[in-house]
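Reviewing the structure listed below.
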Amino acid sequence: MASTLKQTFNVHFILNDSDSDFLFGDITNQNVTKPPPPTFSSFSHLPFSLHALYINLFQHKLSPPKPFCEIFVFCLWRVFNMAKTESESVSEMVVTLESVRESLIRQEDTIVFSLIERAKYPRNSPLYDLSYASIPGFSGSLFQYIVSQSENLQAVVGRYENPEEHPFFPDNLPGSLLPPHNYPQVLHPPSASININSTIWDKYFNQLLPVLVAEGDDGNYASTATSDLDCLQALSRRIHYGKYVAEVKFREAPQDYEPLIRAKDSDALMKLLTFEHVEEMVKRRVEKKAMIFGQEVALCSNGTQGKCKIDPSIVSKLYEDWVMPLTKVVEVEYLLRRLD
Ligand SMILES: C=C(O[C@@H]1C=C(C(=O)O)C=C[C@H]1O)C(=O)O
């Protein structure tokens, strides 16, 4: 289905409002019918009724004067170009299993780099200690304070308008002050309520940090907090991207998913959306990335070759134990709402 849509978008020119309504409607409409191919009459809005004149000339077998031909060709070129640009921006909205997997692969880089950065600092536990900092008007750890303040600022500048982003402190966030951006409407709207950041937070601090960083306190709390937040946001974006994965899987096989969704059979949905061989590749690839991105780079041999800034097996374990399982939890949650 998705590849059919992609082909459709790539060949069809948007020439008037009703055509573009048709295309934008396609994204959420499962009963896609093929749009009519562009015909000569599609160019009827050419300036100065050129097309009517041209048809008359053709019908009467007259040959138009040369400058007229040139203007006509120029106008045609403009219309084709406008149509092409618009058609390309529409095709960007087309998501396929291949394109979402490419995005997940790119997000691995962000996650691995952010973990390497966090490992630069020791644990710095006062940052997370509820009794360490007393901030007037705020009850919580220094880290919670930094995250909630950062999210407030990010909300004002539009971060959470993007359906790929999910805040850790969603309550009482201010709205965006920016003009709205036209994000592609790919997801089924009820999925906006899915946010498993509290689970991600818990696993990050209780399972990942203890094995990723060394014990100790170097006082760099603000920098450490920035690194933690980078990791958490990258992990959150990756895991909630499961919404997009679920949407394309649903679109590609609604006949398989619909009965399970209606039966609210979470276990069967989980089984249907799981691809073990893909998960195996993901684990091996992130381990390799951690090894390559984290290696010491020296111009001449100084004994640090082969040394790695983080243990690559931690990253593959992280993916195996909770990044992929949580992504699939998001996928199931999404599918359970898909027919609402
Ligand atoms: C994300 C997908 O769904 C599942 C989750 C995966 C993951 O989190 O990397 C990989 C394969 C699938 O079992 C996918 O099919 O690509």
Just the residues that are within 13 Å of the ligand (Cβ to nearest atom), among the hydrophobic types (A, V, I, L, M, F, W, C) and touching a residue at least 12 places away in the same chain (Cβ under 8 Å), please, taken from the range 256-287. L269, M270, L272, L273, V278, V282, V286
Residue in the range 162-175 that is within 25 Å of I314 (Cβ to Cβ), out of contact with any Cys (no Cβ under 9 Å at 6 or more places or on another chain) and in the same structural domain as L318 (by TED's automatic domain parsing) present: yes
Out of (1) within 12 Å of the ligand (Cβ to nearest atom); (2) over 30 Å from N162 (Cβ atoms); (3) hydroxyl-bearing (S, T, Y), what's the single condition that is false for S301? (1)
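Each row is one residue, and each column tells you yes or no for (1) more than 27 Å from P325 (Cβ to Cβ); (2) surrounded by 14 or more Cβ atoms within 10 Å (Cβ to Cβ); (3) in contact with a Phe, Trp or Tyr (Cβ under 9 Å, 6 or more places away or on another chain).
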residue: P126; (1), (2), (3): yes, yes, yes
residue: S134; (1), (2), (3): yes, no, no
residue: V156; (1), (2), (3): yes, yes, no
residue: L208; (1), (2), (3): no, yes, yes
residue: D228; (1), (2), (3): no, yes, yes
Go through the residues of the range 186-204 one by one and say whether even a single one is on the phi > 0 side of the Ramachandran plot, at pLDDT 95 or above and part of a loop (DSSP other than H, G, I, E, B). no
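Residues are listed down the side, and each one gets a yes or a no for (1) in contact with a helix residue (DSSP H, G or I) (Cβ under 9 Å, 6 or more places away or on another chain); (2) of a type in the set (V, I, T); (3) at pLDDT below 95:
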| site | (1), (2), (3) |
| --- | --- |
| Q233 | yes, no, no |
| Q255 | no, no, no |
| S316 | yes, no, no |
| T327 | yes, yes, no |
Checking the conditions here, which among A246, A290, A253 is of a type in the set (G, A, S), near the ligand (Cβ under 10 Å from one of its atoms) and assigned by TED's automatic domain parsing to the domain that holds Y204? A246
Please determine, by comparing only the residues of the range 304-314 that are hydrophobic (A, V, I, L, M, F, W, C) and modelled with pLDDT of 95 or more, which one is farthest from the ligand (Cβ to nearest atom). I310
Would you tally the residues in the range 114-140 being touching a Leu at 6+ places or on another chain (Cβ under 8 Å), in contact (Cβ under 8 Å) with a residue 40 or more places away in the chain and in a loop (DSSP other than H, G, I, E, B)? 2
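The values are calculated or read from the model by the stated rules, or taken from the named source; none is laboratory data. Here the structure is a predicted model, which is why all the values come from computation and not from measurement. Positions of Cβ are generated from backbone atoms using ideal geometry, with glycine treated the same way; all protein chains shown enter the neighbour counts.
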